[in-house]
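Structure first, then comments.
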Amino acid sequence: MSRRLENLDPDRQRRLFDVAAQEFAANGFDGASLNRILAQSGMGKSSLYYYFDDKADLFTTMIERSLAALFDEIGGLDPETLTAQTYWPTFETRYREGLAAVESNPALVRLGGIFYQLRAVPGTGAATGRLFAAARCWVEAAIMRGQALGVVRQDLPQSLLVETTMGLLETLDRWILDHWGGLSEEEKARLPEQHIGLFRDLLERRAGERNPGSALGL
């Protein structure tokens, strides 16, 4: 997010992003009107373009704030706090809490779908890249922590594990957004175990795998 935005009064920020979320959720990215957002939020057009490059930047910043609020609600997850015993169970718990938060706020599904539609648009969707860059840094840190704990495999290049994890993460994210409305409560309840199970199938250290650090006494 733009550092300039830090200078905007918190109440005006909240009003702007509340109005923007309603406008984008109701009308999609292409149908959303900056003029309506400006009129309802009380912000001038020159001020908007001082804080944001364009509509895509405004939308992506709004998504970043929505995710930050979601993480505040369910609790953050610092990979360095994980132990070998809590590594996988913690991810499943956070996944379950995240889905519960989505269930209580259906607009998140609508906005998530718009995010991926925007991401597919050449040029316009470039702003969405920063969210994936931040996610990639977190995934890399989580994998490194898991390897240090001996619960994540080390028989493949770390960069390959990061890239395949990101691919699976995006695939599952898109699948949930596409199918959420058609899932039963029982199916939703099984998702955390099923989806974290896919990550475990990909990343978990295999029985008998040699720990490269063992020769160093680690």
task = All but one of (1) in a helix (DSSP H, G or I); (2) among the acidic types (Asp, Glu); (3) farther than 24 Å from residue 13 by Cα hold for residue 155, so report the exception by its number.
result = (1)
Residue ranges of helices (runs of 4 or more DSSP H) in region 1-74 with at least 2 members open to solvent by less than 70 Å² (accessible area, probe 1.4 Å), among the charged types (D, E, K, R) and within 26 Å of residue 101 (Cα to Cα) = 55-74
ask   = farther than 30 Å from residue 153 by Cβ, out of contact with any helix residue (DSSP H, G or I) (no Cβ under 6 Å at 6 or more places or on another chain) and at pLDDT below 90: does that describe residue 33?
value = no
key: Test for residue 204: is it acidic (Asp, Glu) and surrounded by 14 or more Cβ atoms within 10 Å (Cβ to Cβ)   = yes
remark   = Among 60, 83, the single one that is touching a Ser or Thr at 6+ places or on another chain (Cβ under 7 Å) and either closer than 30 Å to residue 204 by Cα or β-branched (Val, Ile, Thr) (or both) is 60
inquiry  = Give all pairs with beta carbons closer than 7 Å in which a residue from region 136-148 that is in contact (Cβ under 8 Å) with a residue 40 or more places away in the chain meets a residue that is open to solvent by 40 Å² or more (accessible area, probe 1.4 Å) and assigned to a helix (DSSP H, G or I); count only pairs at least 6 apart in sequence or on separate chains.
reply    = 143/158; 145/80
message = Quick check on residue 129: is it open to solvent by less than 60 Å² (accessible area, probe 1.4 Å) and farther than 18 Å from residue 52 by Cβ?
response = no
remark   = Of the conditions (1) polar (S, T, N, Q); (2) open to solvent by 30 Å² or more (accessible area, probe 1.4 Å); (3) free of Cβ contacts under 8 Å to residues at least 60 places away in the same chain; (4) not in a loop (DSSP other than H, G, I, E, B), the single one that residue 85 does not satisfy is (4)
query = Across region 54-68, what is the total count of residues that are free of Cβ contacts under 8 Å to residues at least 60 places away in the same chain and of a type in the set (Ser, Thr, Tyr)?
reply = 1
inquiry  = On the basis of being within 22 Å of residue 94 (Cα to Cα), touching a Pro at 6+ places or on another chain (Cβ under 9 Å) and exposed (fewer than 12 other Cβ atoms within 10 Å of the Cβ), does residue 146 make the cut?
reply    = no
message = Take the conditions open to solvent by 50 Å² or more (accessible area, probe 1.4 Å), under 20 Å from residue 176 (Cβ atoms) and part of a helix (DSSP H, G or I) and apply them to residue 93. Does it pass?
response = yes
ask   = Out of (1) modelled with pLDDT of 90 or more; (2) in a helix (DSSP H, G or I), what's the single condition that is false for residue 127?
value = (1)
key: Close pairs (6 angstrom Cβ cut-off, 6 or more residues apart or separate chains): under 21 Å from residue 26 (Cα atoms) and free of Cβ contacts under 8 Å to residues at least 60 places away in the same chain in region 115-129, among the aliphatic types (A, V, I, L, M) and part of a helix (DSSP H, G or I) anywhere   = 115/63
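The values are calculated or read from the model by the stated rules, or taken from the named source; none is laboratory data. Note that the coordinates shown come from a computational prediction; the quantities given were computed from them, not determined experimentally. Please note: Cβ atoms are built from the backbone with ideal geometry, for glycine as well, and neighbour counts cover all protein chains shown. Accessible surface areas use protein heavy atoms only, side chains included; no ligands, DNA or RNA. Shrake-Rupley method; radii C 1.70, N 1.55, O 1.52, S 1.80 Å.
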